[in-house]
Amino acid sequence: MFRLLAIVFLLTVSTAHARAQIVALGASSTAGYGVGASAAFPALVEAMLRARGRPMSVSNAGVSGDTTAGMLARLSSAAPPGTRIVILQIAGNDAMKGMSATEAQANRTEIRRRLHARGIRTIEADGYVLSALRSGLRQPDGIHMTAEGHRRVAEQIAARIR
């Protein structure tokens with residue numbers, strides 16, 4: 001019995017390591033504000049990759065209201081060992097919470113520096129989100145994307161993952 005459990009454990013561990021780990025780091029748009037986590041772009045990216053035969057997992061590390069300082073503080077736990085790609089969707093909460101543009105830019109730079117030092121590739125999602133919003137794919141609050149906006153962003157991000 002012990003031998004069987006050991007084999008099952010080893011197969012589980014080796015399968016988990018064989019799958020690339022992707023983390024979506026951001027604030028409310030990443031978290032899926034107004035559409036729910038299952039309709040947010042991180043979940044859709046995972047589904048699109050799997051549909052293409054790419055067994056990659058995408059964890060959603062979006063926290064509504066988060067700032068670059070918050071993302072920087074939780075970076076190690078949000079992107080644990082084994083993370084291969086981080087989708088960054090930093091957005092604009094810094095200015096709304098009174099952070100200077102200089103401090104916000106320094107935090108953004110440090111987030112990228114730390115990820116790259118660990119060999120983690122980054123994909124910037126802010127441009128895709130802004131494009132969706134400019135296309136009118138906005139919820140009534142005018143700030144967050146509709147489900148269709150999340151789908152469009154997910155398609156663009158998934159296309160960049162090989």
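The values are calculated or read from the model by the stated rules, or taken from the named source; none is laboratory data. Quantities reported herein were computed from a predicted structural model and do not represent experimental measurements. Virtual Cβ from ideal backbone geometry, glycine too; neighbours counted across all protein chains shown.
Looking at the structure I just gave you, is Ser64 assigned to a helix (DSSP H, G or I) and on the phi < 0 side of the Ramachandran plot?
Answer is no for this residue.
Inspect all residues belonging to the stretch 126-136 and state whether any of them is out of contact with any Ser or Thr (no Cβ under 6 Å at 6 or more places or on another chain), farther than 21 Å from Tyr33 by Cβ and without any contact (Cβ under 8 Å) to a residue 60 or more places away in the chain.
No, that holds for no residue.
The rows are residues; the columns are (1) more than 20 Å from Gly32 (Cβ to Cβ); (2) in contact (Cβ under 8 Å) with a residue 12 or more places away in the chain; (3) surrounded by 21 or more Cβ atoms within 10 Å (Cβ to Cβ); (4) of a type outside the set (S, T, N, Q).
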{"residue": "Ser59", "(1), (2), (3), (4)": "no, yes, no, no"}
{"residue": "Val63", "(1), (2), (3), (4)": "no, yes, no, yes"}
{"residue": "Asp66", "(1), (2), (3), (4)": "no, yes, yes, yes"}
{"residue": "Gly70", "(1), (2), (3), (4)": "no, no, no, yes"}
{"residue": "Arg74", "(1), (2), (3), (4)": "no, yes, no, yes"}
{"residue": "Asp94", "(1), (2), (3), (4)": "yes, yes, yes, yes"}
{"residue": "Lys97", "(1), (2), (3), (4)": "yes, yes, no, yes"}
{"residue": "Thr102", "(1), (2), (3), (4)": "yes, no, no, no"}
{"residue": "Gln105", "(1), (2), (3), (4)": "yes, no, no, no"}
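Can you tell me which residue is surrounded by the most Cβ atoms within 10 Å (Cβ to Cβ) among those in the stretch 35-49 that are small (Gly, Ala, Ser) and not in a helix (DSSP H, G or I)?
Ala40
Any residue at all in the stretch 22-30 that is without any contact (Cβ under 8 Å) to a residue 24 or more places away in the chain, of a type in the set (Val, Ile, Thr) and part of a helix (DSSP H, G or I)?
Within the stretch 22-30, not a single residue is without any contact (Cβ under 8 Å) to a residue 24 or more places away in the chain, of a type in the set (Val, Ile, Thr) and part of a helix (DSSP H, G or I).
Table: residues versus (1) loosely packed, with under 13 Cβ neighbours inside 10 Å; (2) over 21 Å from Leu49 (Cα atoms); (3) modelled with pLDDT of 95 or more; (4) within 14 Å of the chain's Cα centre (by Cα).
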residue: Ala91; (1), (2), (3), (4): no, yes, no, yes
residue: Arg114; (1), (2), (3), (4): no, yes, yes, no
residue: Ser131; (1), (2), (3), (4): no, yes, yes, no
residue: Ala147; (1), (2), (3), (4): no, no, yes, no
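Residues are listed down the side, and each one gets a yes or a no for (1) within 15 Å of Ile22 (Cβ to Cβ); (2) touching a strand residue (DSSP E or B) at 6+ places or on another chain (Cβ under 7 Å); (3) in a loop (DSSP other than H, G, I, E, B):
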position: Arg108; (1), (2), (3): no, no, no
position: Arg113; (1), (2), (3): no, no, no
position: Gly119; (1), (2), (3): yes, no, yes
position: Ile123; (1), (2), (3): yes, yes, no
position: Leu133; (1), (2), (3): no, yes, no
position: Asp141; (1), (2), (3): no, no, yes
position: Arg151; (1), (2), (3): no, no, no
position: Ala154; (1), (2), (3): yes, no, no
position: Ala158; (1), (2), (3): yes, no, no
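Among the residues of the stretch 72-91, is there at least one that is farther than 26 Å from Ile161 by Cβ, outside any loop (DSSP other than H, G, I, E, B) and touching a helix residue (DSSP H, G or I) at 6+ places or on another chain (Cβ under 8 Å)?
Scanning the stretch 72-91 turns up no residue that is farther than 26 Å from Ile161 by Cβ, outside any loop (DSSP other than H, G, I, E, B) and touching a helix residue (DSSP H, G or I) at 6+ places or on another chain (Cβ under 8 Å).
How many residues does the stretch 81-92 contain that are farther than 18 Å from Leu130 by Cβ and in contact (Cβ under 8 Å) with a residue 40 or more places away in the chain?
Selection size over the stretch 81-92: 5.
Residue by residue, here is whether (1) modelled with pLDDT under 95; (2) closer than 17 Å to Glu155 by Cα; (3) out of contact with any Lys or Arg (no Cβ under 8 Å at 6 or more places or on another chain) holds:
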residue	(1), (2), (3)
Ser14	yes, no, yes
Ala20	yes, no, no
Ala37	no, yes, yes
Pro42	no, yes, yes
Leu49	no, yes, yes
Ala78	no, no, yes
